[in-house]
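The values are calculated or read from the model by the stated rules, or taken from the named source; none is laboratory data. Only a predicted model underlies this, so the values are computations on that prediction, with no experimental measurement involved. Cβ sites come from the backbone with ideal geometry, for glycine too, and all protein chains shown count toward neighbours.
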Amino acid sequence: MKLFVTSILLSAFMLLTATQSASGRPNKGDCLQFTEEAPSQEIIIRRFPQFNIQLKIPANYNSLLLQRGEVLVTDAGTYKYLQCLQNNPQGLGKGTFGIIISDANKVEAQYRNLNQRLISKSADDVRFIVYSDDLGYIALRIRHPQGETEIRLDGDYAPATQEDLRRQIRELLNINKDLGVISF
């Protein structure tokens, strides 16, 4: 009888410890609580000297250095979600949205020599929309004295329709309006 009571108490203690430690750990779905947040009305200028550019972005947007040396600029909710995933690798995933800034010379080889549509040309820089024939890749490329910088939309799939293509081009052209080249 004494052995039976001891085993019951030991089992209850182990069960209590297991449920307490499980509740102390982040739930795999906890990262999904962070959703996209609307851009604030306040606009700031954020400099990205490693790419020789500066962008006007909503004040509540954040930038995140990616492993490939690229920078993701995204809303505050997506930023919190990505931080949560970093701290909880078992967290459930979802898509992210934002813009990716990269050194155009480090872009994958198949995306280096693409079709180009000139947007603007000045003494400081030349700007193009670059795209693949199948429209699976579309980006804004800026050629400046320090090299080339590329900006593409993150989270968007290849445009499936002409309207999707027009929307992506409009978004890239809007980014272009808010972009300045930093000269040294």
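Would you confirm whether any residue within the range 92-105 is at pLDDT 85 or above, surrounded by fewer than 18 Cβ atoms within 10 Å (Cβ to Cβ) and assigned to a loop (DSSP other than H, G, I, E, B)?
No, the range 92-105 contains no residue that is at pLDDT 85 or above, surrounded by fewer than 18 Cβ atoms within 10 Å (Cβ to Cβ) and assigned to a loop (DSSP other than H, G, I, E, B).
On the basis of being at pLDDT below 90 and exposed (fewer than 10 other Cβ atoms within 10 Å of the Cβ), does Ser21 make the cut?
Working: at pLDDT below 90: yes; exposed (fewer than 10 other Cβ atoms within 10 Å of the Cβ): yes.
Here the answer is yes, as Ser21 does meet what is asked.
Every residue, every condition in (1) at pLDDT below 90; (2) touching a Lys or Arg at 6+ places or on another chain (Cβ under 6 Å); (3) surrounded by 14 or more Cβ atoms within 10 Å (Cβ to Cβ), yes or no:
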site	(1), (2), (3)
Lys2	yes, no, no
Val5	yes, no, no
Gln33	yes, no, no
Ile45	no, yes, no
Phe51	no, no, yes
Ala59	no, no, no
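Just to be sure, is Asn87 more than 15 Å from Glu36 (Cβ to Cβ) and not acidic (Asp, Glu)?
Values: more than 15 Å from Glu36 (Cβ to Cβ): yes; not acidic (Asp, Glu): yes.
The answer is yes for Asn87.
Could you identify the single residue in Asp164, Asp133 that is in a loop (DSSP other than H, G, I, E, B) and at pLDDT below 85?
Residue meeting the stated conditions: Asp133.
Within the range 69-87, which residues are of a type in the set (S, T, N, Q) and surrounded by fewer than 16 Cβ atoms within 10 Å (Cβ to Cβ)?
If the condition is that a residue be of a type in the set (S, T, N, Q) and surrounded by fewer than 16 Cβ atoms within 10 Å (Cβ to Cβ), then Gln83, Gln86, Asn87 are the ones that fit.
Here's the yes/no breakdown for (1) among the basic types (Lys, Arg); (2) within 18 Å of the chain's Cα centre (by Cα); (3) closer than 29 Å to Ser183 by Cβ:
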residue	(1), (2), (3)
Ile53	no, yes, yes
Val73	no, yes, yes
Gln86	no, yes, no
Gln90	no, no, no
Thr96	no, yes, no
Asp125	no, no, yes
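Given (1) among the hydrophobic types (A, V, I, L, M, F, W, C); (2) surrounded by 11 or more Cβ atoms within 10 Å (Cβ to Cβ); (3) more than 11 Å from the chain's Cα centre (by Cα); (4) not in a loop (DSSP other than H, G, I, E, B), where does Leu118 come up short, assuming only one miss?
(2)
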